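Before any comments, here is the structure.
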Amino acid sequence: MENVIIKKASKNDIPVILDLLYELGRPRPQNNSEVKRFESKIIKYLYDTDKQIIVAKLEGNVIGIVCIMFLSRLNRKPPEMYIPELVIAKKHQGKGIGKKIIEYCVIFATKKKCHRIRLESGNQRTDSHKFYRKIGFEQSSLSFTKNIS
Ligand SMILES: CC(C)(COP(=O)(O)OP(=O)(O)OC[C@H]1O[C@@H](n2cnc3c(N)ncnc32)[C@H](O)[C@@H]1OP(=O)(O)O)[C@@H](O)C(=O)NCCC(=O)NCCS
């Protein structure tokens with residue numbers, strides 16, 4: 001765990017970022033053009049000042065990612081840090097890496113003068129709910145979804 005480095009992602013990390021997103025249950029691309037489309041979305045993300053992908057690296061290999069968005073809320077001057085994705089590779093879970101990457105986010109959010117960090121976690125992810133509670137997050141809302149397609 002001490003050897004794990006937390007840093008901003010680079011273009012070279014894209015293939016592993018995609019793998020980890022599939023591990024999280026995000027849709028797999030069906031053909032090469034979809035792979036290209038996913039890759040270019042990640043590249044846009046890397047260059048967007050309101051977004052960030054942070055990786056956890058062990059001996060140069062990406063073993064976890066967290067994606068971050070800075071959202072501006074109408075009724076608040078300070079931004080909100082929103083985390084749409086967090087995943088640690090299965091064989092590295094339970095070793096303190098998720099906690100370490102979130103601690104990095106807390107420092108980052110503080111530097112950016114955010115008023116809070118917010119995320120959603122599916123009802124079925126009961127293990128991750130325990131993780132978030134353990135590291136100091138509170139359940140503050142219910143999330144409602146209407147699928148369109
Ligand atoms: C959820 C996830 C990010 C947690 O990361 P992790 O590296 O496995 O968790 P850590 O080892 O850093 O755990 C930090 C603390 O939470 C506790 N914790 C983690 N999972 C737990 C669980 N299922 N039940 C109880 N406590 C748990 C740990 O015991 C640890 O406590 P400690 O600080 O007292 O030792 C990771 O397991 C994961 O990627 N899961 C699959 C994808 C996922 O669910 N992502 C979240 C989507 S919303």
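The values are calculated or read from the model by the stated rules, or taken from the named source; none is laboratory data. Just so you know, these numbers come straight off a predicted model, no measurement behind them. Here the Cβ is made from the backbone with ideal geometry for all residues, glycine too, and neighbour counts use every protein chain on show. Surface areas here come from the heavy atoms of the whole protein model, side chains and all, with no ligands, DNA or RNA. Shrake-Rupley method; radii C 1.70, N 1.55, O 1.52, S 1.80 Å.
Brief remarks follow.
- The one condition in (1) among the β-branched types (Val, Ile, Thr); (2) assigned to a loop (DSSP other than H, G, I, E, B); (3) closer than 26 Å to Arg125 by Cβ that Thr49 fails to fulfil: (3)
Here is a yes/no grid of residues against (1) assigned to a helix (DSSP H, G or I); (2) of a type in the set (Ser, Thr, Tyr); (3) near the ligand (Cβ under 9 Å from one of its atoms); (4) crowded, with 18+ Cβ neighbours inside 10 Å:
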site: Lys36; (1), (2), (3), (4): yes, no, no, no
site: Val62; (1), (2), (3), (4): no, no, no, yes
site: Met69; (1), (2), (3), (4): no, no, no, no
site: Arg73; (1), (2), (3), (4): no, no, no, no
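- Residue pairs meeting the criteria (Cβ under 7 Å; at least 6 apart or on separate chains; first under 15 Å from Gly94 (Cβ atoms) and open to solvent by 100 Å² or more (accessible area, probe 1.4 Å), in segment 120-131; second within 6 Å of the ligand (Cβ to nearest atom) and in a loop (DSSP other than H, G, I, E, B)): none
- Test: residue in segment 78-88 that is within 16 Å of the ligand (Cβ to nearest atom), closer than 25 Å to Lys134 by Cα, touching a residue at least 60 places away in the same chain (Cβ under 8 Å) and open to solvent by 50 Å² or more (accessible area, probe 1.4 Å): no
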